[in-house]
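Where a number appears in this text, it was derived from the coordinates with a stated rule and is not lab data. This one's a predicted model, so the numbers in the text were calculated from it and none came from an experiment. Cβ placement follows ideal geometry from the backbone for every residue including glycine, while neighbour counts extend to all protein chains displayed.
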Amino acid sequence: MSIGRQRRGPGTALAGLLLCALMQANYAADTAKISDASAFLDQTESLRIKDHRQFIQRLEQIHRESPTLSTADQWHLRYLDALESSLDGKYVAAEQPLRDVIDHSGDPMLAAKASALLMNNLAVGRRYEDAFKLTQQLTIDLPRIQDKTVRLQVLGYLSQVLNLAGQTDLAIKYAHMMEDAVPPGMTSCYPRSKLVAALWNAKRLTSSSPELKQAIDTCEASRQPIVATAMQLILGTLHLEEHQPAKTLSLLDQIAPGIQVNHYYPHTLSAQVQRAQAYEQLGKDEDARKAALAAVAMASPDDINDYLKDAYEVLYRVAKRHGNTTSALAYYEHYVAQDKGSLDDATAQALAYQTVQQQVLTHKLETEELGKQNSILRLQQALDTKAVETSRLYIILLLAAFGFIVLWLYRLKRSQLGFKRLSHHDSLTGIFNHQHFIGEAERVLNVLQKKFGHACLVSIDLDHFKQVNDTHGHAMGDAVLRRTVAVCQQQLRPADLFGRLGGEEFGILLHECSREQGMDIANRIRIAIGASPMEKDGDVISISASVGLASTDTSGYQLQRLCMEADAALYRAKRAGRNRVIADTENDSLVEA
């Protein structure tokens, strides 16, 4: 089972990268004497995205000198202290002061800034449901925020958190609104970086996109090199996705001095991983391996992020190509751990956003129902003197209201079930998606291991599938995938697991199946696929598949080991001429078409 090369959005890593980058821009500023506490606090806050060092020094100064502060200034200082805790990564320590500012300061603009910062802290701290509840409230309050500086901050946080939730259209909308909220004397670097982040997550960027070039030029011109570097690293990733590794290496060499000066960890790690990927695309496996190992060495043992996932993926493929099975298996296990962490986090984000949306809808329905009940009660009081016909009318209205609630609850439940199915199944073929297939396969193997049962993992890859797409179009390619799934399902039993692993690759876990039985079933599947050609405009499109098989009889019950063995067998089937089944040991005879 090969590891797919899929496009990933920026996610939490990019959100933190851009936010921290803005907060670490380095400008000179002199500590001033505190003659006017209110003005001093305003000037201090203005340094939060210009000069972090001066921001900290001025906070220390005001606490050290302890000037007389008005109530409003005391709340402003409390907010700035919470902001500093947030910049230092102490999100838990910042939470209660921010909630105090929101609930008790009496300043709507200060409360809006505190709400936006708290929303971001909750999202970065993976408390997604609480973060998205604040997102809903800030969206409602946004029209009342007229101060351009406050409005820019709130829009920026909204764009960032909605991008994290996968709501890229809303994130793009708020990024565009930020352009109109830029105060005089401030550049568009911040809004344009948010726009690029949302467009990238929405897969709407290429290396030649004007939005990306504008963001880089603007941030460089406004002397915000860390944000500019973040944008340039996105450009490097796009070059890799467009299979232009030489351009990526040239860009990395260009920005390397700035990365080294700033010592900003996400940039250093991202650049190192991009080097590894670029070297691999160029066929320089040894350089790729060294760069990937250097990236892994930078991280803590318990770090989970997309950078490390990509680094372990490079190490796995290089080791596999060079026949180092032990190292390949070890790197594959690290890759799976990183991949699972990313998938779990993405699932948590999506479920939290969906939960909050459903809670908002339910609250809206409850509010509407309460309004209807109040109207009915008033009507009842006015019509108490009327006859039985009026009472019957009241009962009918009450039943109608009850029916309305039942109908909406039914729709909510159906929406929840539909969402659950979409999270488990591949949208094109209807079988298990990669994540759910892996989870179910691990569960079944654990059960079989306890009762010494047998199972086989089958990896199927359609031969020359790219030619089908290139010659007959992607619609015909999709039809071929659906036909293949239908043919395979006819050969499977109800207890067998069937999933799409990516592209034209499928995985099957044959339940309670010995190695010999698995070979027989795998060969029947291969023959059935080959016997099911498709027609288009009088042309016959022949289909064949290469199949690799691994059995618990020889490989044990660990899914990673079974995946490696099935993948290796599939690779041998490809090299042996395709359209055949090969098992997980080299001494097995080939089963040919």
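Classification of segment 434-592 by its C-alpha gyration tensor yields a prolate form. The axis ratio a/c (a ≥ b ≥ c) is 1.5 or more, and a/b outweighs b/c. Phi-derived couplings, Karplus 6.51 cos²θ - 1.76 cosθ + 1.60 at θ = phi - 60°, listed residue by residue for segment 188-196: 8, 4, 4, x, 5, 5, 5, 5, 4 Hz, with x used for Gly and Pro. Shown here are the Rg and Dmax of the Cα trace of segment 62-216, at 16.4, 55 Å.
Take the Cα of residue 406, step 7 Å toward its Cβ, do the same at residue 260, and the gap between the two points is 7.4 nm. Remark on residue 425: its backbone amide H falls under 5 Å from those of 433, a criterion applied only to residues 5 or more positions apart or on other chains, H modelled at 1.01 Å from N. Legend: calculated FRET efficiency, residue 554 to residue 322, from the Cβ-Cβ distance at R0 = 22 Å, rounded to 0.05, equals 0.40.
Across segment 395-486, the fraction of Cα-Cα pairs farther apart than 15 Å, rounded to a whole number, is 76%.
Mean separation of Cα pairs under 8 Å and 6 or more residues apart, divided by the residue count, gives segment 434-592 a relative contact order of 27 percent.
Taking amide H atoms as placed 1.01 Å from N in the peptide plane, the amide H of residue 536 lies under 5 Å from those of 541, each 5 or more residues away in sequence or on another chain. In nm, to one decimal, how far is the modelled label at residue 397 from the one at residue 540, with both set 7 Å along Cα→Cβ? So the label points at residue 397 and residue 540 sit 7.3 nm apart.
Could you put 402, 498, 437 in order, starting from the residue whose Cβ has the fewest other Cβ atoms within 10 Å? Numbers along the way, then the final one.
Values: 402 11, 498 20, 437 24.
Ascending Cβ contact count within 10 Å gives the list 402, 498, 437.
Extension gain for residue 576-residue 46 works out to 184.2 nm (0.36 nm per residue, less the C-alpha to C-alpha distance).
Once the piece of chain linking residue 451 and residue 217 is laid out straight, how much longer is it, given 0.36 nm per residue of separation minus the C-alpha distance between them?
Details: separation 234, 0.36 × 234 = 84.24 nm, distance 6.36 nm.
Gain on stretching residue 451 to residue 217: 77.9 nm.
Among the listed pairs 466/574; 148/173; 320/574; 148/194; 113/203, those whose Cα-Cα separation exceeds 20 Å are 113/203. Segment 518-563 and segment 144-166 have Cα centres lying 51 Å from one another. From least to most packed, judged by other beta carbons within 10 angstrom and beginning with the fewest, 68, 552 follow the order 68, 552. The phi torsions of segment 113-120, fed into the Karplus equation with coefficients 6.51, -1.76 and 1.60 and a -60° offset, translate into couplings of 5, 5, 5, 5, 5, 5, 4, 5 Hz, rounded to whole numbers, with Gly and Pro shown as x.
Per the Kirkwood formula applied to alpha carbons, segment 155-273 shows a radius of gyration over Rh ratio, Rg over Rh, of 0.97.
Converting the Cα gyration tensor eigenvalues of segment 209-297 into ellipsoid dimensions via √(5λ) gives semi-axes, longest first, of 23, 16, 8 Å.
Annotation for residue 486 and residue 100: the two label points, set 7 Å from Cα along the Cα-Cβ direction, are 6.7 nm apart. One decimal place: the segment residue 146-residue 524 gains 129.2 nm when fully extended, by the rule 0.36 nm per residue minus the C-alpha distance.
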